[in-house]
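Data first, discussion second: the structure below is written as C-alpha cells.
Bear in mind that the values in this text are calculations on the coordinates, not laboratory data. Keep in mind the model is a prediction, meaning the values are calculated, not measured. So basically every Cβ, Gly included, is an ideal-geometry build from the backbone, and we count neighbours across all protein chains shown.
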C-alpha cells in the first residue's frame, strides 16, 4: 500500500478522515470496494465467548492467540535473535534459500535499532499490525540483550503495539521477571515432550551453563526448565501458548500427555503443528525419511486435545521475519534497505481510527453468523463435513480459486462453522509446473473437503473439482465466511434430505512438505 | 593451537560470539572469525571450548593446526 495515502489520512489531524481510512483499508485488501454493510447493533463482546474480560482484552487483536482476530489483524517478527542454544532434529540453520518459508529461516538479521525502525515503518503502512513478536531465527532468550533492547526501543516509540516472544524455554526461568517488567504479556514455549526418553529422539543436544549436554540428560534439563518457566509465567498472569511439533511415531500420541501437563500448569492455548520434513531441508528428520502427519492425523490429535484446552488451528508456521496477516507475507516490502529509506511518521490516532473500523467489521461478521446460525437450530442431522475457503482477509470469501496461496478449512455441523485448519498450496517453483499439476496439488490438499468456497473460479478447474467430488461454490463471493458456510450447509442438508444428493465420506488430504514461496 | 571457524560452514548465527570468554570472536565479511592471538581454547575458563559446544554445525569450530599451541 502507498504510505503517502496514509500520511494524507493522518494529516487530517484530530478529525481523522474515515473515508480515506476506509479507502486505505480497501486498498490494503486489494479491492476497491469498502465492505461493512449490515451493521450490527450488539457490542464487540459478541465474539468474546466464554473468555473472561481481562483475557479477552489481551487476545482480541492478537492474530496468533485469537482465531477470530487473525482474519483482521496482522503481526510482524523481527529477526534480531540469531543464536540458539539447543539443536532440534527438525531444524537446519544452514539452509537459507530466500524462497524458503518455515521457522528458523530469515533473509537478513537486524540490529535492535534497525528492528525498531522496521516496526515503525510497518505500523505506519499496515495500521492493523498490532503485534510485534521476536521468534528467532534462533532463540530470543539465547540473545537476551538484543531481544530486550528491541522491546525497549519499540515500547518507547510505539506503545500501542503488543509485545510477544517465542522461546524453546531453556533460559526462560532466568528471564521471567524481565519479561514481566517489559509488559510482554504473550509468551510461546515450544514443548514437544514431557518424557526425556522421547526428548532424546528430538533434541540431540542442548547448551546450558557453558556445557553441551546430550541424550536423556539434555532432554531432562530442557523439559524441567520449560515447565518451570511456564509455571512462573502463568503465576504472573502472562498468557502462554504452547507450540508442539507433531512427529508421527515419535511424539504423536505423547502430545496428549504434553497437553495435560501444560494445561495443568496454566497454559492458555495449545498449538499442535505438523512436522515439516523434506530431504532438501537438510534436517536430521528430512534426511532420515521421518514423515510429517497427514491432515487427518493432525486434526484427529487436535480434536482429542480440544476437550482439555483451547487449540490453535490457524498457525501458519511462519518465518522469524514474517510481516502481515498470518496467511500472507509482506516481508519483501520491508527489507532493511527499503525501511532505512522510508520517511516514517508514527500516527497513533490514525492507527486507532483504523482499528475502530476493523472492530465494526468484526461485529458485523459475528452478527451475520449468529443470524444464519439461528436458522440452523431446527435442523436435526449428524452430518459433519469440511469445506475449503479462499480468503484474502477480513473473514470474507474474497479470493479467486486460481490466486489462492492457501485455503482455510472449516468444519460444518448443526452446531455451526468452525475453523479447523488451513492448507497451503503455493508450492515452491510452482511456476515450473503446468496448470494441471498445480490443480492436482490443490485437489490433494483439500481432498477431504466436500466443497470449496471462492470469489471466482474458471470453467476448467470447476469441472475438474466436480470430477474429484468437491463442489465449487462461488455464489457467496465477497460475503462473510461463517454466514455463507452455514447457509450452504443448510441447503446441503436439504438436498440430502430430498434425496437429490447423497452424503459420502471424503478421503485423506496431504499437508505440504516441500519448500514454499514466501513472498506474494 | 587456537580454534578457527570454517567460513563456508558458518551460518553466522553469532552464538559463539557471546560465549567466548576471551572476546576473541567477531563478525567479518558475513561470517564469524576467531582472533588467534586472543583464543585460549577456553583453558582455565571452562571444561570445553565454548564455540565448539554451542556451534549448530558440527566440525565448524576446529583447532587451527597451522598455529602453535596456546
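Annotations
- Label separation (residue A:53 vs residue A:403): 4.1 nm, computed from points 7 Å beyond Cα along the C-beta direction.
- Note on residue A:415 and residue A:111: with the Förster distance fixed at 45 Å, the Cβ-Cβ geometry gives a FRET efficiency of about 0.35.
- Counts of other chain beta carbons within 10 angstrom of each beta carbon in peptide B:8-20 average 5.
- Computed extension gain for residue A:235 through residue A:145, at 0.36 nm per residue and net of the alpha carbon distance, reaches 30.0 nm.
- Stokes-Einstein translational diffusion, the range A:216-354 - Kirkwood Rh over all Cα pairs, 1.002 mPa s, 20 °C, in µm²/s: 119 µm²/s
- Convex hull volume of chain B per residue (C-alpha atoms, cubic angstrom): 81 Å³
- Whole-percent P(r), the range A:73-341, all Cα pairs, 10 Å bins from 0: 7, 31, 38, 21, 3, 0.
- The value of relative contact order for the range A:73-341, using C-alpha pairs under 8 Å at least six residues apart, is 24 percent.
- Convex hull of the range A:281-374 built on C-alpha atoms - directionally averaged projected area, nm²: 11.3 nm²
- Added length on full extension, which subtracts the Cα-Cα distance from 0.36 nm per residue, residue A:345 to residue A:500: 49.9 nm
- Convex hull volume of the C-alpha atoms in the range A:375-497, normalised per residue: 98 Å³.
- Label point 7 Å beyond Cα of residue B:9 along Cβ direction - residues of the range B:30-60 with amide nitrogen under 12 Å: B:52-53, B:55-60
- P(r) of the protein assembly as shown over all Cα-Cα pairs, binned every 10 Å from zero, in whole percent: 3, 16, 27, 27, 17, 7, 2, 1, 0
- Most to least packed among A:83-89, A:345-351 [average Cβ atoms within 10 Å]: A:83-89, A:345-351
- Sites residue A:160 and residue A:437, calculated FRET efficiency, Cβ-Cβ separation with R0 41 Å, nearest 0.05: 0.35
- Pairwise Cα inverse-distance average, inverted: Kirkwood Rh of the range A:228-300 (Å): 13.5 Å
- Overall dimensions of the range A:123-225, expressed as equivalent-ellipsoid semi-axes from the Cα gyration tensor (√(5λ), whole Å, largest first), are 31, 14, 11.
- Net lengthening on full extension, residue A:491/residue A:288 (0.36 nm per residue, minus Cα-Cα): 68.3 nm
- Computed over the range A:375-497: relative contact order in percent, which uses C-alpha pairs under 8 Å that are six or more apart: 29 percent
- Of the beta bridges in the protein assembly as shown, as assigned by DSSP with both residues counted there, near 50 percent are antiparallel.
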